[in-house]
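Report on the following structure.
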Amino acid sequence: MSWIREGELNLIEKLSANILKAGPMPKHVAFIMDGNRRYARKRQVERQEGHTQGFDKLAETLRWCLNLSIHEVTVYAFSIENFKRSKDEVDGLMELAKQKFIRLLEEQDNLEKHGVCIRVLGDLTLLPLDLQQHIARAVVATRTHNKCFLNVCFAYTSRHEIANAVGEMAWGVEQGLIKSSDVSEALLSRCLYSSNSPNPDLLIRTSGEVRLSDFLLWQTSHSCLVFQSVLWPEYSFWNLCDAILQYQLNHRPLQKARDQHREGQALQQHEADRACLADLLQHHGNGKPLDAQRRREALLNYTASREERVQDFLGALQALVRSGTDVGRLGLS
């Protein structure tokens, strides 16, 4: 099965899509694709068949998203906690993933036609080496595509991601790339695996479970959360429409919360910069107070220097990633 199914919506689906698109539409949707094993038990088939059906449903769902002008999708494909499952099931999932990434490399023309960029987010060092290699090839092969984005969270948990980001910032301070005062909520966001993506507007979990299972905890603080009882392999276009409708009904308070958070974050950073500047002037000034104009100029210069440090630090992180160094596992003295 291809990663993205070809085909258009039928007439009724097109009419429904056009009605939905008259309202505010989510640009980024995240899925917790839950229910594959229960689907297998329900159909009295092997667990592996349930997982295969789940991947096929992802391909179909991506087609619906493209038709609904949703250009970024993030999916929870494999949690670090899933390694605790039986060896047979984990090995089967690793083999299925390998087959699908091999298939992705075979259908690059289709992905290029749709402009799909594949990103894989997680601690890939936990995966078998051959799977790591197939993932790396797939990511490199699609990295220049920019029409739509599929983020596959594999060997992932949010707490692991946040801990890794904290480790990276600690490394930056230790290396003298940033100051401890540069560490902030905004900088942590820029150190997450998902730093290249906007936060999801809508998160959908299937199967009737009403928890996030350690998925995108940081990124979904102002997202619309929709829990649906349908098992993932049975997910339909109408289930997706229902979730989008719930997003639209809650769009205004969600947007207000996002705007307030963004303004609060900017104010917090401004106040932190002012405090740091005051400390610098106290320790390194000549004892003469600055007038208002010179203080504003000094604050602008401090803010510019902080952002320059942050950019250099993030550039150093990217260089380490390209070299294959795992910053999160570096020993910090």
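The values are calculated or read from the model by the stated rules, or taken from the named source; none is laboratory data. Predicted model only: the values in this text are computed from it and were never measured. Ideal geometry is used to build each Cβ from the backbone, glycine not excepted, and the neighbour counts take in all protein chains shown. Note: accessible area is taken over every heavy atom of the protein model, side chains too, but ligands, DNA and RNA are not part of it. Shrake-Rupley method; radii C 1.70, N 1.55, O 1.52, S 1.80 Å.
Accessible surface for PHE227 stands near 80 Å², nearest 10, in the context of the full protein assembly shown (1.4 Å probe). Mean sequence separation of contacting Cα pairs (under 8 Å, at least six apart), scaled by the length of the chain, corresponds to a relative contact order of 22 percent. Annotation: peptides 176-183, 264-271, ranked by per-residue average of other Cβ atoms within 10 Å with the highest first, follow the order 176-183, 264-271.
The label point for GLU46 and the one for VAL140, both projected 7 Å from the Cα toward the Cβ, are 3.3 nm apart. What you get for the chain, charging only the Cβ of Lys and Arg (+1) and of Asp and Glu (-1), is a dipole of about 420 debye around the Cα centre.
For region 69-209, divide the Cα radius of gyration by the Kirkwood radius and give the resulting Rg/Rh value with two decimals. Using only Cα positions, Rg/Rh for region 69-209 is 1.00. Spin-label model, ASN67/GLN133: points 7 Å from Cα along the beta carbon direction are separated by 3.9 nm.
Sequence-distant contacts, meaning Cα pairs under 8 Å at least 6 residues apart, place the relative contact order of region 102-244 at 20 percent.
Charged neighbours of TYR156, selected by a Cβ distance under 11 Å, balance to -3 (K, R count +1; D, E count -1).
Other residues lying with their Cβ under 14 Å from the Cβ of SER195 contribute a combined charge of -2, Lys and Arg counting +1, Asp and Glu -1. Counting 0.36 nm for each residue step from GLN265 to TYR302 and taking away their Cα separation leaves a gain of 11.6 nm. Amide H to amide H distances under 5 Å link GLU72 with VAL29, PHE149, where only residues 5 or more positions off or on other chains count and H is placed in the peptide plane.
For region 306-317, backbone phi angles converted through the Karplus equation (6.51, -1.76, 1.60; θ = phi - 60°) give residue-by-residue couplings of 5, 5, 5, 4, 4, 5, 5, 5, 5, x, 5, 4 Hz, Gly and Pro being listed as x. With a cut-off of 12 Å between beta carbons, the residues surrounding LEU20 carry a summed charge of 0, where Lys and Arg count +1 and Asp and Glu -1. Computed from Cα atoms, the angle from the helix 129-142 axis to the main principal axis of the chain rounds to 80 degrees. Taken per residue, the accessible surface of region 191-333 reaches 59 Å², heavy atoms only and a 1.4 Å probe.
Dipole magnitude for region 212-271: about 180 debye, using +1 per Lys or Arg Cβ and -1 per Asp or Glu Cβ, origin at the Cα centre.
With semi-axes defined as the square roots of five times the eigenvalues of the C-alpha gyration tensor, the equivalent ellipsoid of the chain measures 41, 25, 18 Å, largest first.
Atom-type composition of the exposed protein surface of the chain places 52 percent of the accessible area on carbon and sulfur (1.4 angstrom probe). The mean accessible area for residues of region 44-134, using a 1.4 Å probe and ignoring ligands and nucleic acids, is 45 Å² per residue.
Here's how it looks for LEU202: its modeled amide H is under 5 Å from those of HIS28, ALA30, CYS224, which are all 5 or more places away or on a different chain. Here the label points at GLU8 and LYS179, each 7 Å from Cα along the C-beta direction, are separated by 6.0 nm in the simple model. Working note: Karplus 6.51/-1.76/1.60 with θ = phi - 60° gives region 199-213 the couplings 5, x, 7, 9, 10, 10, 10, 9, 5, x, 6, 10, 9, 8, 6 Hz, where Gly and Pro are set to x.
Ranked by the mean number of other Cβ atoms within 10 Å per residue, highest first, peptides 24-30, 120-126, 131-137 order as 24-30, 120-126, 131-137. Working from Cα pairs under 8 Å separated by at least six residues, relative contact order for region 1-145 is 27 percent.
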